[in-house]
Amino acid sequence: MNWDWNAVRDFMPLFREGLLVTLQALVLGSLISFTLGLVWALLMRTPTRWVQWPVGIVTEFVRDTPLLVQLFFLFYVLPEWGLTLSAMATGVLAIGLHYSTYTMQVYRAGIEAVPAGQWEAATALNLSKARTWRAVILPQAVRRVVPALGNYVISMLKDTPLLMAITVLEMLGRARLFSQEHFRFTEPLTVIGVAFIVISALASFLLRTLERRLVR
Amino acid sequence: MTSGLWELVLKGIWTTVQLLVFSAALGAAVSFAVGIARTHRLWIVRFLAGFYTEVFRGTSALVMIFWVFFVLPPAFGWQLVPMWAGTLALGLTYGAYGSEIVRGGLLAVDPAQREGGIALGFTSGQRLRKILLPQAVPEMIPPFSNLLVELLKGTALVSVMGMGDLAFSGNLVRLALQESAEIYTYVLLIYFVIAFLLTRVMRGLENHLKAGVR
């Protein structure tokens, strides 16, 4: 295998730009998935079947179909429906939407893990429904779900290269650009492969630290 | 849609199913080989298997696909047809996830079972084949069922390489008809149906295996 360090050096400026886009997509996608996931989880707990059913079916559908096709769907269909977003915004929305169906399950498990006595105590203290959720249930549930949410952040990181397919120039997109210009694939692809491993290892380490803090 | 376009979609479904079957077979082989290696006595075997798992789980599946398509063939002078390149990339990536399922399943078997095998004079291979795996495999089915759905979704990634799978033919049909919403809804529905059938088959397999153990 011929390895050219000059190619690595030449790729670096593009790599840095791509990394920035990847991290932006990751942060924004995570925020959307955390928020929407909680919304789905709370909707699934409403006593009305008419709310539970559609939410359950739609989230199941989104979870079991490829993110790539969902990306294409939003990218090509939203403009037809009169909503024109940038490629990046569409990508972030798709990632957030896709992963919200996973975080929903995490929140559900977290909420169900809050002991029944806590609900009863809130009732005994005559707290309103909103207050019970805000002051009693959610703080306990969220603390439990942080590690699982963190795992999905790592999964989202590994799915950001898909944005390349809708013209967003994140790390893989820039690597492909470089390869096409310089006819060298090995160096840029290996550099971003290593970058992914390093970022996910770093993220797992941060997560474990956060987990220990929360448990204490 | 005209019959020519339907043919394209059917071809796409066929390619996706083929890719799914091949990469699931390779993935299962890798899962068991690496998963068993991770419980091996020798630290070097455990280390290498662990390294493999970390590398393949750490990177993105799409980056691995690019790597297998563009870096491996020139480096080793290989000529890989897209189907085999896709199978290799997906099988190796998802095998790394599967190896954790196998390792977890083996470790979950009661240690007394292993000791019982030693007391009866079984070799380590016999213990694995006759005692550990028959008990562990039924427990591995639900997580493998999830992984299989993930793999199905992963097959769409090879469309980026121009492989004529379902996601790719969906794009071609969109270009031909200049109509997006309907086409992609069909494509997503087809994926959903395949995922649904997969989970049903796996549930059947689980019941069958559990009945065998009892």
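Candidates in the range A:127-138 are the residues that are open to solvent by 30 Å² or more (accessible area, probe 1.4 Å) and either part of a helix (DSSP H, G or I) or touching a Leu at 6+ places or on another chain (Cβ under 7 Å) (or both); of these, the one that is farthest from the other protein chains (Cβ to nearest Cβ) is A:131. Among the residues here, residue B:103 does not qualify as surrounded by fewer than 16 Cβ atoms within 10 Å (Cβ to Cβ), out of contact with any Cys (no Cβ under 9 Å at 6 or more places or on another chain) and not aliphatic (A, V, I, L, M). Quick check: is even one residue across the range A:110-131 within 18 Å of the chain's Cα centre (by Cα) and of a type in the set (Asp, Glu)? Within the range A:110-131, not a single residue is within 18 Å of the chain's Cα centre (by Cα) and of a type in the set (Asp, Glu). Examine the range B:144-160 for a residue that is open to solvent by less than 70 Å² (accessible area, probe 1.4 Å), more than 14 Å from every other protein chain (Cβ to nearest Cβ) and modelled with pLDDT of 90 or more, and state whether such a residue exists. Within the range B:144-160 (the criterion being open to solvent by less than 70 Å² (accessible area, probe 1.4 Å), more than 14 Å from every other protein chain (Cβ to nearest Cβ) and modelled with pLDDT of 90 or more), the answer is yes, since at least one residue qualifies. Residues in the range A:178-195 that are in contact (Cβ under 8 Å) with a residue 60 or more places away in the chain and in a helix (DSSP H, G or I): A:178, A:182, A:186, A:187, A:188, A:191, A:192, A:195. Can you run down the residue pairs with Cβ atoms below 7 Å, 6 or more apart or on separate chains, where the first is in the range A:16-29 and more than 23 Å from residue A:178 (Cα to Cα) and the partner is of a type outside the set (A, V, I, L, M, F, W, C) and open to solvent by less than 20 Å² (accessible area, probe 1.4 Å)? Note: pairs meeting the criteria are A:29/A:96; A:29/A:99. The sole residue among B:61, B:75 that is within 28 Å of residue A:178 (Cα to Cα), within 14 Å of chain A (Cβ to nearest Cβ) and modelled with pLDDT of 90 or more is B:61. Against the test of being closer than 29 Å to residue A:57 by Cα and either open to solvent by less than 40 Å² (accessible area, probe 1.4 Å) or assigned to a helix (DSSP H, G or I) (or both), the options A:175, A:141 yield a single qualifying residue, A:141. A search for C-beta distances below 7 Å between a residue of the range A:43-61 that is aliphatic (A, V, I, L, M) and any residue that is open to solvent by 50 Å² or more (accessible area, probe 1.4 Å), counting only pairs 6+ apart in sequence or on different chains, returns A:44/A:52; A:44/A:108; A:51/A:43; A:55/A:40; A:55/A:43. For residue B:50, the test of being without any contact (Cβ under 8 Å) to a residue 24 or more places away in the chain and open to solvent by less than 40 Å² (accessible area, probe 1.4 Å) is passed. Hey, among the residues in the range A:145-172 that are of a type outside the set (Val, Ile, Thr) and outside any helix (DSSP H, G or I), which one's farthest from the other protein chains (Cβ to nearest Cβ)? Ranking the candidates gives A:169 first. Just checking, does the range A:102-111 include any residue being surrounded by 21 or more Cβ atoms within 10 Å (Cβ to Cβ), within 14 Å of chain B (Cβ to nearest Cβ) and at pLDDT 95 or above? Within the range A:102-111, not a single residue is surrounded by 21 or more Cβ atoms within 10 Å (Cβ to Cβ), within 14 Å of chain B (Cβ to nearest Cβ) and at pLDDT 95 or above.
The values are calculated or read from the model by the stated rules, or taken from the named source; none is laboratory data. Predicted model only: the values in this text are computed from it and were never measured. Please note: Cβ atoms are built from the backbone with ideal geometry, for glycine as well, and neighbour counts cover all protein chains shown. Only protein heavy atoms, including side chains, enter the accessible area calculation; ligands, DNA and RNA are left aside. Shrake-Rupley method; radii C 1.70, N 1.55, O 1.52, S 1.80 Å.
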